[in-house]
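The values are calculated or read from the model by the stated rules, or taken from the named source; none is laboratory data. Note that the structure is predicted; figures quoted are calculated from it, not measured. All Cβ positions, even for glycine, are placed from backbone atoms using ideal geometry, and neighbour counts span all protein chains on display. Surface areas here come from the heavy atoms of the whole protein model, side chains and all, with no ligands, DNA or RNA. Shrake-Rupley method; radii C 1.70, N 1.55, O 1.52, S 1.80 Å.
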Amino acid sequence: LNQENINFMSARDTFVDNLMSKMSIAEKIGQMTQLDITTLTSPNTITINETTLAYYAKTYYIGSYLNSPVSGGLAGDIHHINSSVWLDMINTIQNIVMEGSPNKIPMIYGLDSVHGANYVHKATLFPHNTGLAATFNTEHATTAAQITSKDTVAVGIPWVFAPVLGIGVQPLWARIYETFGEDPYVASMMGAAAVRGFQGGNNSFDTPINAPSAVCTAKHYFGYSDPTSGKDRTAAWIPERMLRRYFLPSFAEAITGAGAGTIMINSGEVNGVPMHTSYKYLTEVLRGELQFEGVAVTDWQDIEKLVYFHHTAGSAEEAIMQALDAGIDMSMVPLDLSFPVILAEMVAAGTVPESRLDLSVRRILNLKYALGLFDNPYPNPNAAIVDTIGQVSDREAAAATAEESITLLQNKNNILPLNSNTVKNILLTGPSADSIRNLNGGWSVHWQGAYEDSEFPFGTSILTGLREITNDTDDFNIQYTIGHEIGVPTNQTSIDEAVELAQSSDVVVVVIGELPEAETPGDIYDLSMDPNEVLLLEQLVATGKPVVLILVEARPRILPPALVYSCAAVLMAYLPGSEGGKPIANILMGNVNPSGRLPLTYPGTTGDIGVPYYHKYSENGVTNPLFQFGDGLSYTVFNYT
Ligand code: GLC
């Protein structure tokens, strides 16, 4: 700490001490309460019911709002929100909150900007975190976070619910693509780089966080990423030594190394204990060992879920007591007023001392102070920032990240890069060959991803990228057919069309993988690739033409190893974002030398999951895992233009 920090903290503490001395119990409880925007809007609209908001403001002094997609609210079912609409809404909410606040305490709004400001229209969409990690280059994590913060702050929102710091060892898990892969060191370095990008450097509230930086959220603390069943929000059984060796370091680095301002708590259970009730991890470890001074916010409805999901509490009151005793600061209630109403009764009854409220309220007010919300509660319609949303340089940064993430895993006889001396007729096929929607995955326009490409104001599919690169020469003839659409019954006619075109091609590039998904709706029971996509690949390989397999997927879906080995080349593209199509095309054509490396294990059979669990073995020419952490090739022969 230097003198500047000490002066800042001294001024902050004086301000907060004074403010807290004037606050009522109800105001303090209001600061600990976060509601979803859909408590203020009618379904699928973004019109704020100002009467409801004023009631919440004057009666419960609600201190925070969010719009999580689960409630089918703004981000869930309504397309990208224009920056002007966001700004109007945030201004409206803040105006009424401040009017209702006896001590003029501004509200803080939080948003899931997880790979760019994915709910802000025109914002640049980066590769999801497994792709970021595949670059093994922390600069990309910092740049992506800086631009994500800028585009979120530009619409008046100073709190981003990112980065995910879970360790991606369970490939079945619907959210593995939100992690920086399976290695604690990689996740620690990439995560801390992201925290610095979001917050404009180290923080932990000892210096201001000035626009266009935002306060970030190290989530989901912790052990959430390894559900034994692979299903989201189900029990994780992780020995203490493993917890500390694999699952805690990325949070420790984000907090102690980069000063993450908030953490969001794991919705699940670890070793039979819901994290929201764990005094050991939420207080002894988080506050004691890691010296975290920021705000611990629950995840969605996680206090009431102690009653109806985890069954550790017999009533809402018991659940609130368990969570407060464990060490939560703010409840993401977020769909009703249960938390403030019941907590007020508990304080009145003397079961919760005011001093417990003060512990959390101080942290929350410190957060708002560090963000300058008391001086500037209203979004600064700083055109200079708003106008930069989606600027070319941001999109070029996203393309550069995608470029460095693409991982070449197999390249027989240097079939890649495609060379006009040996290849003229290229067939591009597969369900993600011409899909920007699939390149982006979940948390894109909508929680579960976009419904169609037209919802993206920007973006380049692999097909478009390939045509752009080759159209100025007649060296190559590009043909395209989808071959198979994911999620529909087998369509042999469509597959036959692809096989027919393959016969007259010199090389077949097939792009398969997954549809967009997020969280529990994305749960699967089997890691195997969609059998129809396997069928398409098998029938294309059977033509005898060289096949280049490109995987666009959230999870390393399993393919028959022998089939993969029979492909001429294999590229893992992860979820490269809207700007990912052209980088993939540039790598295919040799304009870029691939440099990505696998940040997670690519299993060869269901059941074999990431380090530290798998055991590499080979039998009958098949090795398991199919590809290992750190695998990745570069071209030794290339025709850079
Ligand atoms: C969701 C997610 C969390 C997100 C929060 C708010 O359920 O678990 O990552 O930040 O709710 O949308």
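General observations
- Its convex hull of Cα atoms gives the stretch 117-172 a direction-averaged projected area, equal to a quarter of the hull surface, of 4.5 nm².
- Given K28/K280; K22/K58; K28/K58; K424/K545, the pairs whose alpha carbons are separated by over 18 Å: K28/K280
- Relative to the 2.2 N^0.38 Å rule of thumb, the stretch 158-297 has a C-alpha radius of gyration ratio of 0.97.
- Tilt relative to the chain, helix 492-503 - C-alpha long axis, 0 to 90 degrees, to 10: 50
- Semi-axes of the equivalent ellipsoid of the stretch 247-364 are 23, 17, 12 Å, computed as sqrt(5λ) over the eigenvalues of the C-alpha gyration tensor in descending order.
- Cβ-derived FRET efficiency at R0 56 Å, E284 paired with N491, nearest 0.05: 0.50
- 0 to 90° range, to nearest 10: angle between helix 531-541 axis and the chain longest Cα axis: 30
- Separation of alpha-carbon centers, the stretch 174-215 and the stretch 333-353, rounded to whole Å: 33
- Percentage of interatomic Cα-Cα distances in the stretch 485-641 larger than 19 Å: 59
- Angle between the chain longest axis and helix 354-370 axis [Cα atoms, degrees, rounded to 10]: 60
- Taking the Cα centre of the chain as reference, the dipole from Cβ charges on Lys and Arg (+1) and Asp and Glu (-1) amounts to some 1040 debye.
- Solvent accessible area, Å² - S393, 1.4 Å probe, full protein context: 70
- Per-selection Rg to Rh, the stretch 368-448 - Cα, Kirkwood hydrodynamic radius: 1.19
- For the stretch 350-411, the calculated P(r) over all alpha carbon pairs, in 10 Å bins from 0 to the bin holding the longest distance, is 16, 20, 20, 21, 15, 8, 1 percent.
- With at most 11 neighbouring Cβ atoms within 10 Å, loop chymotrypsin sites (Phe, Trp or Tyr not before Pro) (DSSP) excluded, longest segment of the chain: 1-524
- Centroid-to-centroid, using Cα positions, the stretch 119-149 and the stretch 538-557 are 27 Å apart.
- In Å, descending, principal axis extents of the Cα set of the stretch 321-466: 82, 38, 27
- The HN-Hα couplings worked out from phi for the stretch 295-307 by the Karplus form 6.51 cos²θ - 1.76 cosθ + 1.60 (θ = phi - 60°) are 9, 9, 9, 5, 8, 3, 6, 7, 7, 5, 5, 5, 8 Hz, whole numbers, x standing for Gly and Pro.
- In the stretch 157-258, GluC sites (Glu not before Pro) in a DSSP loop with at most 10 other beta-carbon atoms within 10 Å: none
- Alpha carbon convex hull of the stretch 404-480, projected area averaged over orientations, nm²: 6.6
- Accessible area per residue for the chain is 33 Å², calculated with a 1.4 Å probe on protein heavy atoms, without ligands, DNA or RNA.
- Each DSSP beta bridge with both residues in the chain is either parallel or antiparallel, and the antiparallel ones are about 20%.
- Dimensionless Rg over Rh [the stretch 84-133; C-alpha; Kirkwood]: 1.18
- Rounded, prolate or oblate (a/c below 1.5 giving rounded, otherwise prolate when a/b exceeds b/c) for the stretch 432-539 by Cα gyration tensor: oblate
- Cα pair distances of the chain binned at 20 Å [whole percent]: 20, 52, 24, 4, 0
- Length-normalised contact order of the chain in % [C-alpha pairs under 8 Å, at least 6 apart]: 16
- Percent accessible area from carbon and sulfur atoms, the chain, protein chains only, probe 1.4 Å: 52
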